[in-house]
Amino acid sequence: MLLIPCPYCGPREETEFSYGGEAHIERPKQPEALSDEAWADYLFMTSNTKGVFLERWVHSHGCRRWFNAARDTLTNEVLAVYEMGDKPPKLEKRTYV
Amino acid sequence: MKSRYSIFSLLRNALSYHENWPEAWRSPEPKPSYDVVIIGGGGHGLATAYYLAKEHGITNVAVIERGWLGGGNTGRNTTIVRSNYLWDESAHLYEHSLKLWEGLTRELNYNVMFSQRGVMNLAHSQHDLRELGRRIAANRLNGVDSEFLTPRQVKQFCPIIDLREGGRYPVLGASLQRRGGTARHDAIAWGYARAADALGVDIIQECPVEGFRIEKGRVRAVETAKGTIEAGKVALAVAGHSSVLAELAGFRLPIVCHPLQALVSEPVKPVIDCVVMSNAVHAYISQSDKGDLVIGAGVDRYIGYSQSGGLPVTEETLAAICELFPLFRRMRMMRCWGGTVDTCPDASPIVSKTPVEGMYINGGWGTGGFKSTPGSGWVYAHTIAHDEPHPLNAAFKLDRFTTGYLIDEHGAAAVAH
């Protein structure tokens, strides 16, 4: 079970949160101008990183606020949390084979 | 040619206390180059190697594996085999696989312990019931055996299920695929490995991939921990790591990896002789030949490569199992573990060419990987040998996410998640 430090409420159990997937995916400003490939890339393609991954969570059964987290997807360590709209913190890249 | 396994070889080796069995496959050092290098020594990769050699006469093949054979998702699933998928494309692919399963023990001369004990999918609500009716009709149109069971017939088929009224998960009916069942997970990897090895395929374990040499958009070689291996073609069969290797090769996939958990109980006498799946409550159960109950759970929602999951998921699953089978309430669970499932947005696999010339991908099987092992290897071998897909996997292309031709099996395919 993950222990997730909500930036507003402090550390809480995973069951209080809902998952929002990869963070920092920006909706294209002019979708109608995109090629099919670029649209598919926005819509479907993911980084699915093994290592440090930037993702969104919402504290559904708490403050109900969204935030970003940097988590190692292999070890499940939550390395940082930061507010929506903030730039991700500088973290050491972790590479696993 | 290797010695065949038979009752006579068993007796002969019994006389020497089973100390003289020949090795099932060689462990060669990699050659400098191969026609085809398959990455991933799980069931899919080994099946692909076998069918490349047997069906297409391509024997200068290496299977390279980061750990040991069948140590990934092949050894971590709940071994259910069925083909009752909703959409035509999936039904044809999985049915082809099921037909291969039916002859596999004989073909490989290796007992894969395929047991067609029947797979039952329960309906707990009116909505489930309608979905079920639709799927049964679709299955029958595609020549997949599928039948409807009333609650009374459910009770006859699986007497230990609790159908007293008032439960949290009332059973309103079920679909039954009698040809479905279970198989031995390790045996499928070992059987294909032995058969492929006999046809000349090199199987190289403990050989992680570190990168690719790609020149002018075409893959030339694979960089591994055991040196550079030149390759005419490179085939990825690394479900659970597809995105990682795709990144090394410079393209992106629509795949996300989730932990998917399973658990086994203490062994008991035979008590349940079929597979019961409940789509709505994320639980499925069967009993292994050893006697332990094999129970599968839903996926953890977050992306994860940890090969383990959270207790809330198993708790929900076991709550449902206890509700349906109250006699299991005091069973002790011995082990639980997780696999890493590749999941596509449409819950269908990708067996396809890639943007890199000479490189192929087989992944994104989600929760359907084990049952599809023979069929997956068969169509993948065809795709690699001919540089174009077989009609059975033509729809499972990577570019379906660009064209919009999705095969949406989410919730449609009797899958539990």
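The values are calculated or read from the model by the stated rules, or taken from the named source; none is laboratory data. What you see is a predicted model; the values in this text were computed from it and never measured. A quick note on method: Cβ atoms are made from the backbone with ideal geometry, for glycine too, and the neighbour counts reach across all protein chains shown.
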List every residue pair whose Cβ atoms sit under 9 Å apart, with the two residues 6 or more apart in sequence or on different chains, where the first one lies in region A:1-29 and is within 13 Å of another protein chain (Cβ to nearest Cβ) and the second, anywhere, is in a strand (DSSP E or B) and among the aromatic types (Phe, Trp, Tyr).
A:ILE4/A:TRP57; A:PHE17/A:TRP57; A:SER18/A:TRP57; A:TYR19/A:TRP57; A:GLY20/A:TRP57; A:GLY20/A:TRP66; A:GLU22/A:PHE53; A:ALA23/A:PHE53
Among the candidates B:ALA193, B:ALA189, B:ALA174, single out the residue that is over 18 Å from the mean Cα position of the chain (by Cα) and modelled with pLDDT of 95 or more.
B:ALA174
Region B:363-393: number of residues that are β-branched (Val, Ile, Thr) and within 15 Å of B:ASN77 (Cα to Cα)
2
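Listed here are the residues, each with its yes/no results for (1) within 24 Å of the chain's Cα centre (by Cα); (2) under 23 Å from B:PHE396 (Cα atoms); (3) buried (at least 17 other Cβ atoms within 10 Å of the Cβ).
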site: B:SER3; (1), (2), (3): no, no, no
site: B:SER6; (1), (2), (3): no, no, no
site: B:SER27; (1), (2), (3): no, no, no
site: B:VAL37; (1), (2), (3): yes, yes, yes
site: B:GLY42; (1), (2), (3): yes, yes, yes
site: B:ARG66; (1), (2), (3): yes, no, yes
site: B:ARG76; (1), (2), (3): yes, no, yes
site: B:VAL81; (1), (2), (3): yes, yes, yes
A careful count of residues in region B:213-258 that are at the interface with another protein chain (Cβ under 8 Å from one of its Cβ atoms), in a strand (DSSP E or B) and surrounded by fewer than 24 Cβ atoms within 10 Å (Cβ to Cβ) gives 1
Would you confirm whether any residue within region B:330-340 is among the hydrophobic types (A, V, I, L, M, F, W, C), crowded, with 21+ Cβ neighbours inside 10 Å and either at pLDDT 95 or above or over 16 Å from B:PHE396 (Cα atoms) (or both)?
no
Search region B:57-75 for residues being touching a helix residue (DSSP H, G or I) at 6+ places or on another chain (Cβ under 8 Å) and part of a loop (DSSP other than H, G, I, E, B), and hand back the single one that is nearest to B:MET277 (Cα to Cα).
B:GLY70
If the Cβ limit is 7 Å and pairs must be 6+ apart or interchain, which residue in region B:203-219 that is closer than 17 Å to B:ILE38 by Cβ pairs with which residue that is modelled with pLDDT under 95 and of a type in the set (D, E, K, R)?
none
Within the bounds of region A:75-87, is there any residue that is in contact with a His (Cβ under 8 Å, 6 or more places away or on another chain), at pLDDT 95 or above and more than 12 Å from chain B (Cβ to nearest Cβ)?
no
Keeping to region A:80-97, report how many residues are under 22 Å from A:LEU3 (Cα atoms) and among the hydroxyl-bearing types (Ser, Thr, Tyr).
1
Restricting to region B:268-318, and then to whatever is away from chain A (no Cβ under 14 Å) and among the hydroxyl-bearing types (Ser, Thr, Tyr), can you tell me which residue is farthest from B:CYS158 (Cα to Cα)?
B:THR317
